[in-house]
Amino acid sequence: MKLPNCKILEIGIGRGRFGILLGKKFRYYYGIEPNKELLKIARKNKEENVIYKWGKAENIPFNKKFDIVFYALSWHFIKDFDKVLSEALRVIKRKGIIIILEPTEKTKYWKDSRLNKSSKNFDENVFNKKIIKLKKGQKIILNQKIFTILENEYESKSGLRCYLLKND
């Protein structure tokens, strides 16, 4: 798979940070975001080959097949994992790759200061609820039977974990 020829779909674009960083590396960079305010910000800064739409992981608004589906720090926000896995299967090409990048208990820098242990705003209850969501999401990834898990152990120094799955 050569990146310049690939179509990628990012689930949960936020302000579009990965589209800015990676958009030029791909033939087309698609993305969805359920937060309309964040989507508006992302659309202001996007590259020419980047296409963003409002949407949720449970109901992807594209009828295309993608080489890569990328969940960018968004997996733990999912409510219906069965629907999301079904949607991922619908939009991913055969032999396509799913990348799931997620925080872990070791993540040092959270957007929400209530999750940062070094912050005066740290809230242990909020942090513990977030960790429960992260662990539930991890369990879903590791126990699902739709995609082959290529990698599930990589964890960066910043406390982010990356999962790689393949659509055989």
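The values are calculated or read from the model by the stated rules, or taken from the named source; none is laboratory data. Keep in mind the model is a prediction, meaning the values are calculated, not measured. Please note: Cβ atoms are built from the backbone with ideal geometry, for glycine as well, and neighbour counts cover all protein chains shown.
The test for being over 18 Å from the mean Cα position of the chain (by Cα) and among the aromatic types (Phe, Trp, Tyr) holds for residue 127. I'm trying to understand the selection: among the residues of the range 152-168, which are under 17 Å from residue 101 (Cβ atoms) and surrounded by 12 or more Cβ atoms within 10 Å (Cβ to Cβ)? Answer for the range 152-168, where residues must be under 17 Å from residue 101 (Cβ atoms) and surrounded by 12 or more Cβ atoms within 10 Å (Cβ to Cβ): 152, 155, 156, 159, 160, 161, 162, 163, 164, 165, 166. Only residues that are part of a loop (DSSP other than H, G, I, E, B) and either within 12 Å of residue 8 (Cβ to Cβ) or modelled with pLDDT of 95 or more (or both) were counted in the range 24-46, giving 4. Taking every residue in the range 130-148 that is farther than 17 Å from residue 88 by Cα and pairing it with any residue that is surrounded by fewer than 16 Cβ atoms within 10 Å (Cβ to Cβ) and among the polar types (S, T, N, Q), at least 6 positions away or on another chain, the pairs with Cβ-Cβ distances below 9 Å are 131/104; 134/104. The residues on offer are 79, 93, 108, 117, and the sole one that is in contact (Cβ under 8 Å) with a residue 40 or more places away in the chain and in a loop (DSSP other than H, G, I, E, B) is 108. When each of 94, 114 is tested for being among the charged types (D, E, K, R) and either within 26 Å of residue 41 (Cα to Cα) or within 17 Å of the chain's Cα centre (by Cα) (or both), the lone residue that passes is 114. Scanning the range 5-29 for residues that are within 22 Å of residue 79 (Cβ to Cβ) and surrounded by 20 or more Cβ atoms within 10 Å (Cβ to Cβ) returns 9, 10, 11, 12, 13.
Consider residue 112 carefully, then state whether it is farther than 27 Å from residue 2 by Cβ, acidic (Asp, Glu) and loosely packed, with under 14 Cβ neighbours inside 10 Å. Taking the combined requirement at face value, the residue satisfies it.
All of 131, 100 fail the test of being touching a helix residue (DSSP H, G or I) at 6+ places or on another chain (Cβ under 7 Å) and either not in a strand (DSSP E or B) or not hydroxyl-bearing (Ser, Thr, Tyr) (or both), apart from 100.
Identify all residues within the range 150-168 that are within 18 Å of residue 140 (Cα to Cα), part of a loop (DSSP other than H, G, I, E, B) and modelled with pLDDT of 80 or more; write none if there are none. Within the range 150-168, 152, 167 qualify. When every residue of the range 97-109 is checked against the conditions, at least one turns out to be more than 18 Å from residue 56 (Cβ to Cβ), surrounded by 15 or more Cβ atoms within 10 Å (Cβ to Cβ), hydroxyl-bearing (Ser, Thr, Tyr) and in contact with a Leu (Cβ under 7 Å, 6 or more places away or on another chain).
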